[in-house]
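Remarks on the structure that follows.
The values are calculated or read from the model by the stated rules, or taken from the named source; none is laboratory data. It should be emphasised that the depicted structure is a prediction, and the values quoted were computed from it without experimental measurement. Using ideal geometry, Cβ is built from the backbone for each residue, glycine included, and neighbour counts are taken over all protein chains shown.
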Amino acid sequence: MKMNSDKNMLSLADVCRELSISEATAKNWVKLGKLIPAESGTTYFSIEYVQSLKFDIANGDNSALKSRRNKSFVSGISLYDSYIPGDSKNLLPVQSILNVVNDNKIEVTNDILLSLLADCALKLMVSRFSIKADSNILRAFLKKKLSISPYAFLVDDLIGGVEGVDDIADEYPELFGTDYVYEDAVDVIGLLYISLKSSRDRKFQGCYYTPSKVAKRLCDNLKLTGKMEQKKIMDPCCGTGNFILQIPGCFDYNNVYANDIDSVSVKLARINYALRYKISDAKLIYSHITEADYLYFPRNKKFDYIIGNPPWGYRYSHEEKLKLRDKFECATTLSIESYDIFIEQALRNLKTNGILSFILPQAILNVKSHTPIRKLILERCSFDYIEFLSKTFDNVHCPSVILQMKYTDSPFSAIGMRVKEEKREYTIDIDREFNADYCTFNTTDEEYLIIGKIKDTPGHTTLAGQSTFALGIITGDNKRFITDEKTDKNEQILSGSNVFKFKSKNSGRYIEFKPELYQQVAPTEHYRVREKLIYRFICNQIVMAYDNKNTLTLNSCNVLIPQIPGLFIKYVMGILNSRIAQFYFRKMFDSVKVLRSHIERIPIPVVGVSEQEKIIEVVDKILGLGVKADAFRTIKLYNELDHRVAKLYDLDEREYSIILKSMEKDNLFLP
């Protein structure tokens, strides 16, 4: 810990580093009494206090754990069970080791970890190469009573720095009695390693190890052309070698390469490489599976294929960021995203017409901060394949994709690109316009043409420059400010879950409006305006409700005040709540957050008062339905509104039916 002039005290900046939180969060915690200085009015904290706080947080005994900003501090040991197939014979052995560790509260030191990995490696080699061995394999190897020549150097490399491996085996015999069997394309040793590693370390390093079924799907969909035995393939962030085990058999092992920055992972990847291909040539193994920072990999090393799962959200130091900004075109934003610069580096190491296939967050396609890398991709690549994945990694709720692109000197094109969604597959056969702002591919050719028609609706306008947006309130401490009891002094406050299309439902939560006490609050007049729309922020579609009661909202529920001359607010709401607008939003932006920039780009037909009144008439009928309204009646009115809106965009029945089919499984969010 870095100390100030008083050796027993830490500054606020020191505490931020210790707790992995921002200074803004720390200041807010002080304000709310979650972080208590040693003396009132100061920002210094005793070492003992901070150490105690860290312990409570790590063990789940402090409510600060619930803070989204501090989840990276959580640690723990658990089975990363999605990593290998569910029918693997090695799941139970690994689980049994974790049970012993947790039940006996064993601190898995680095020496214990490496000893367990060595034991696993030996048993896999015995199984793979049909070597005769007694039950205590690790002890036999240490006493040179077990010969696994010529592979012994791989195990020696793993435990070379560990003292007293035999003492560890004697102290914890229950950890070394487990049997493992070799299975093709199953990274058992990797499962053991990542399950024993602290989840905190994995998140801090941006390491989310790829389940074998996802790695296999990426490898199975590689575009293979030409004489494959001559093609070189590289995984620049290989972890323990899961992709090495999934690479198609048409690649010659002499042309398979991998790299990682984690020393232990590299040693395990070498073992997996040797196990798969039955290679014992140490020089070849060490030259093909390397330990290095890939971002400084030589540019003159070229490959036909680069595959893998680059780190997500790696936390670079200030000094590292300065170096990266000098080296990479896409490292221009305040927060440098690790997978962006991995893509740029990979493009440098590809041969012309070489293939890059990475597993990436879906945000790469449409989030603003990734605009520089999208611009680079559109200048230098064409896309071959994209697969939209459901949940990919344990405890990571982030939509992801397999994105395969070809490095080429030709102008960008998606013609011939295969698209795979959860329940449908199709190929893009018509030329499309793309720009670095948004790149969405969840659209068939028919749907794309309809999007173009909506976008080019004659006489349309948008909310850009003709509206006021406001964020909902961030109190900083909902437990302190919000209650479920109504009094004369408080009023209702809504969250996103209370908002439905056209109207909101009672939240049963109340707040005494004191904006000066909150962490973040919009100008009061935005909440108190005569008419406004409120909408869900976290949602995969636009859900707008009408409010004329000065209702307050939390930050999951934002405010829109349309100000388009000649257009009524209820008309605008009717347009935005329609399936047509939802279709446009989904296909253009494909986002789980409804951003201001999205709403501002929805084309809104400009029509006269009489045409608006037809829309408003249906909107008022929906607003007038009681809280126990028949669902069939609500949907009937919504369908009527939809048809009226479709006519404003000049959509025919065929086009409208395509929209309906695309939206048929969606939650309508009707009240």
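Yes or no: segment 259-268 includes at least one residue that is surrounded by 23 or more Cβ atoms within 10 Å (Cβ to Cβ), under 27 Å from the mean Cα position of the chain (by Cα) and touching a residue at least 60 places away in the same chain (Cβ under 8 Å). Yes: segment 259-268 contains one or more residues that are surrounded by 23 or more Cβ atoms within 10 Å (Cβ to Cβ), under 27 Å from the mean Cα position of the chain (by Cα) and touching a residue at least 60 places away in the same chain (Cβ under 8 Å). When segment 101-114 is limited to residues that are part of a helix (DSSP H, G or I) and loosely packed, with under 15 Cβ neighbours inside 10 Å, the one that is modelled with the highest pLDDT turns out to be ASN110.
Looking only at segment 493-503, filter to residues that are part of a helix (DSSP H, G or I) and of a type in the set (Gly, Ala, Ser); which one of those is farthest from ASP547 (Cα to Cα)? Explain how you work it out, then say what you get.
Taking segment 493-503 first, the residues part of a helix (DSSP H, G or I) are 496-498.
Next, only the ones that are of a type in the set (Gly, Ala, Ser) stay: 496-497.
Values: GLY496: 14, SER497: 15 Å.
Restricting to residues being part of a helix (DSSP H, G or I) and of a type in the set (Gly, Ala, Ser), the top hit is SER497.
Please verify whether PRO236 is modelled with pLDDT of 95 or more and of a type outside the set (S, T, N, Q), treating the condition exactly as stated. When the stated conditions are applied, PRO236 passes them. Screening LYS2, LYS71, LYS27, LYS31 for residues that are of a type outside the set (A, V, I, L, M, F, W, C), touching a helix residue (DSSP H, G or I) at 6+ places or on another chain (Cβ under 8 Å) and at pLDDT 75 or above leaves exactly one candidate, LYS27.
For SER357, state whether it is under 29 Å from TYR193 (Cβ atoms) and at pLDDT 95 or above. Can you show your working first?
On the way: under 29 Å from TYR193 (Cβ atoms): yes; at pLDDT 95 or above: yes.
For SER357, the condition - under 29 Å from TYR193 (Cβ atoms) and at pLDDT 95 or above - is met.
Under the condition of being over 35 Å from the mean Cα position of the chain (by Cα) and in contact (Cβ under 8 Å) with a residue 60 or more places away in the chain, the residues counted in segment 647-671 number 4.
Return a yes/no flag: does segment 559-570 have any residue that is of a type outside the set (A, V, I, L, M), in contact with a strand residue (DSSP E or B) (Cβ under 8 Å, 6 or more places away or on another chain) and buried (at least 21 other Cβ atoms within 10 Å of the Cβ). First the steps, then the outcome.
Filtering segment 559-570 down to residues of a type outside the set (A, V, I, L, M) leaves 562-563, 565-566, 568, 570.
Now drop any that are not in contact with a strand residue (DSSP E or B) (Cβ under 8 Å, 6 or more places away or on another chain), which leaves 562-563, 570.
Next, from what is left, pick out any that are buried (at least 21 other Cβ atoms within 10 Å of the Cβ): 562, 570.
For segment 559-570, residues of a type outside the set (A, V, I, L, M), in contact with a strand residue (DSSP E or B) (Cβ under 8 Å, 6 or more places away or on another chain) and buried (at least 21 other Cβ atoms within 10 Å of the Cβ): present.
All of (1) within 30 Å of the chain's Cα centre (by Cα); (2) in the same structural domain as ILE602 (by TED's automatic domain parsing); (3) over 22 Å from LYS593 (Cα atoms) hold for GLY472 with one exception: (3).
Selection of segment 115-157 for residues being at pLDDT below 95, part of a helix (DSSP H, G or I) and either basic (Lys, Arg) or under 34 Å from the mean Cα position of the chain (by Cα) (or both) yields only ARG139.
Taking segment 485-496 only, how many residues are exposed (fewer than 13 other Cβ atoms within 10 Å of the Cβ) and either touching a Cys at 6+ places or on another chain (Cβ under 9 Å) or of a type in the set (Val, Ile, Thr) (or both)?
Pass one, segment 485-496, residues exposed (fewer than 13 other Cβ atoms within 10 Å of the Cβ): 485-489.
With the extra rule that they be either touching a Cys at 6+ places or on another chain (Cβ under 9 Å) or of a type in the set (Val, Ile, Thr) (or both), the set shrinks to 487.
Adding up the residues that qualify gives 1.
Of all the residues in segment 504-526, those that are touching a helix residue (DSSP H, G or I) at 6+ places or on another chain (Cβ under 6 Å) and assigned to a loop (DSSP other than H, G, I, E, B) number 4.
So for segment 510-521 (the condition being surrounded by 21 or more Cβ atoms within 10 Å (Cβ to Cβ) and either within 29 Å of the chain's Cα centre (by Cα) or not assigned by TED's automatic domain parsing to the domain that holds CYS398 (or both)), does at least one residue qualify? Quick ask: steps written out before the conclusion?
Residues of segment 510-521 that are surrounded by 21 or more Cβ atoms within 10 Å (Cβ to Cβ), as a first pass: 521.
Still in the running and either within 29 Å of the chain's Cα centre (by Cα) or not assigned by TED's automatic domain parsing to the domain that holds CYS398 (or both): 521.
Looking through segment 510-521, at least one residue is surrounded by 21 or more Cβ atoms within 10 Å (Cβ to Cβ) and either within 29 Å of the chain's Cα centre (by Cα) or not assigned by TED's automatic domain parsing to the domain that holds CYS398 (or both).
Of all residues in segment 269-300, those satisfying the criterion of being assigned to a helix (DSSP H, G or I) and within 27 Å of the chain's Cα centre (by Cα) are ALA269, TYR294, LEU295, TYR296. Residues in segment 355-374 include at least one that is in contact with a helix residue (DSSP H, G or I) (Cβ under 6 Å, 6 or more places away or on another chain), assigned to a helix (DSSP H, G or I) and under 25 Å from LYS216 (Cα atoms).
Against the list (1) in contact (Cβ under 8 Å) with a residue 24 or more places away in the chain; (2) assigned by TED's automatic domain parsing to the domain that holds SER382, the condition ARG424 fails is (1).
Within segment 448-484, the set of residues being assigned to a loop (DSSP other than H, G, I, E, B) and more than 19 Å from VAL606 (Cβ to Cβ) comprises LEU471, GLY472, THR475, GLY476, ASP477, ASP484. Taking residues in segment 304-322 that are assigned by TED's automatic domain parsing to the domain that holds LEU347, and partners anywhere that are in a strand (DSSP E or B) and of a type in the set (Lys, Arg), the pairs with Cβ atoms closer than 6 Å and at least 6 places apart or on different chains are ASP304/LYS351.
With respect to ILE343, determine if the residue is modelled with pLDDT of 95 or more, buried (at least 18 other Cβ atoms within 10 Å of the Cβ) and assigned to a helix (DSSP H, G or I). Taking the combined requirement at face value, the residue satisfies it.
Within segment 247-268, how many residues are in a helix (DSSP H, G or I), under 20 Å from GLN230 (Cβ atoms) and among the β-branched types (Val, Ile, Thr)?
Residues meeting the conditions: 0.
Look through segment 362-391, keep the residues that are farther than 19 Å from ASN435 by Cα and modelled with pLDDT under 95, and return whichever of them is surrounded by the fewest Cβ atoms within 10 Å (Cβ to Cβ). My answer is SER390. In this entry, TYR277 passes the filter for residues that are in contact with a strand residue (DSSP E or B) (Cβ under 9 Å, 6 or more places away or on another chain) and without any contact (Cβ under 8 Å) to a residue 40 or more places away in the chain. For segment 427-447, the criterion of being surrounded by 16 or more Cβ atoms within 10 Å (Cβ to Cβ), outside any loop (DSSP other than H, G, I, E, B) and outside the structural domain of LEU625 (by TED's automatic domain parsing) is met by at least one residue.
Residue pairs whose Cβ atoms lie under 6 Å apart, sitting 6 or more positions apart in sequence or on different chains, and linking a residue in segment 444-460 that is closer than 26 Å to GLY416 by Cβ and free of Cβ contacts under 8 Å to residues at least 24 places away in the same chain to a partner that is of a type outside the set (Lys, Arg) and assigned to a loop (DSSP other than H, G, I, E, B), are ASP445/ASP429; ASP445/ILE430.
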